[in-house]
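This report refers to the structure that appears directly beneath it.
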Amino acid sequence: MRRPVPLLALSLLAASGGPALAGQTACWFENGAVVVPAAIGEVAGDYVLDLSAPHTLLHETAAQRAGFAETSLSLPVRLAGQRTAAAPVAVQDLDYRGVGFVTPIAGVIGADILDRYVVTLDFAPCRLTLEPLKRRGEPPPGALAVAMVGGVPTVLAAASNGLRGVSGPFALDTASRGGVRARGAADAPRQKPAGTLRGLSLDGVLRQDVPAVVAGALPDGVVGAIGVEVLAAYRLRLDPEALRLWLTPQEKGPGVSAGP
C-alpha cells in the first residue's frame, strides 16, 4: 500500500522547488532563423535563438515600450520553462536583425543564457529542451569537442571556396540563413545569400556547394559560423559543462558525402 506523502514534506518540496527538471518549448523557423517564445523581464514575445551571439539582446523599441531608458539592464529571462534570474541584457536597435520577419523580433537569446543549460535542439519538428547543468562522469562517446571562444561555443571545421580555405573554431549559428556565415558588416542582414562555398568539412562529413552568408560580427578567434541549413540536418545536444556537442543525423540531405 502506498503511504500518503505528509503535508509538511509537500510544503518543503514546494519551497525548494523540488529536483531541477528539464523544460521544453516549441520553436519554429522563420527567415532562416530559429525563433522561440520567451520573456526578458516583462517583455514577452518572439526571440531569435542565437548560439553564435555572446550576449543576450533586447530590441530598444520593446525596451522603451516597457519603460526602460537604460542600454544595460539586469533582468530575469524565461525560456522553455526555465528562469534565469538577474541576467545582463544589452538594449540595442535590432531593426537589422528583424529584416524579413513577419512578426516583430523582441530580442536575441544569446550564448550567455544558453550556456547555463544542457541544450537540445530538434529541427523536425522544431523543439528546444533546456536541462540544468550537473556534473556527470565521462561523457558518452560520439561527441565533438567544444571550445568556448569569445563567449560562444565552437567546434573545429574547415571551409573552402575552391581557391582559399580556412579552418579552426566555427560558432554554431542558429540565426542565419545558409550553411556558413563569414564575418561581415555588424548591421548586415543574415538572410541575404552571398554565393556558394565549394565545401564544408564538419565531424568527418564533407558537404559540397554550401550556401554562404557574409554578415554580422563574430568574436575574436572565431573563423566562421555554421548556419541553420547545415545544422538542421542534425539533432543538436550541447553540454557546456562537459564541453561536448552531439550531432545526431536526421536524414541524409543533398550534397552530403562521407569524409575521410
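The values are calculated or read from the model by the stated rules, or taken from the named source; none is laboratory data. This is a predicted model, so every value here is computed, not measured. Every residue, glycine among them, receives a Cβ derived from its backbone with ideal geometry; neighbour counts consider all protein chains shown.
Anything in segment 67-80 that is over 16 Å from the mean Cα position of the chain (by Cα) and either buried (at least 16 other Cβ atoms within 10 Å of the Cβ) or in contact (Cβ under 8 Å) with a residue 60 or more places away in the chain (or both)? List them, or say none.
F68, L73, L75, listed by residue number.
Which of the residues belonging to segment 151-189 are of a type outside the set (A, V, I, L, M) and under 27 Å from G23 (Cβ atoms)?
G151, P153, T154, D173, T174, S176
Where in segment 128-209 are there strands (runs of 3 or more DSSP E), lying fully within it, with 1 or more residues that are free of Cβ contacts under 8 Å to residues at least 12 places away in the same chain and of a type in the set (F, W, Y)?
The strands (runs of 3 or more DSSP E) meeting that bar number zero.
So for segment 94-105 (the condition being aliphatic (A, V, I, L, M), under 16 Å from the mean Cα position of the chain (by Cα) and in a strand (DSSP E or B)), does at least one residue qualify?
Quick first cut of segment 94-105, residues aliphatic (A, V, I, L, M) only: 94, 99, 102, 105.
Retained after the next criterion (residues that are under 16 Å from the mean Cα position of the chain (by Cα)): 105.
Pick out the ones that are also in a strand (DSSP E or B) and you get none.
No, there is no match, as no residue in segment 94-105 is aliphatic (A, V, I, L, M), under 16 Å from the mean Cα position of the chain (by Cα) and in a strand (DSSP E or B).
Working only within segment 81-96, note down all residues that are buried (at least 20 other Cβ atoms within 10 Å of the Cβ) and either among the hydroxyl-bearing types (S, T, Y) or more than 11 Å from I113 (Cα to Cα) (or both).
Within segment 81-96, V91, L94 meet the criteria.
What number of residues in segment 70-86 are at pLDDT 95 or above and either hydrophobic (A, V, I, L, M, F, W, C) or not assigned by TED's automatic domain parsing to the domain that holds T120 (or both)?
5
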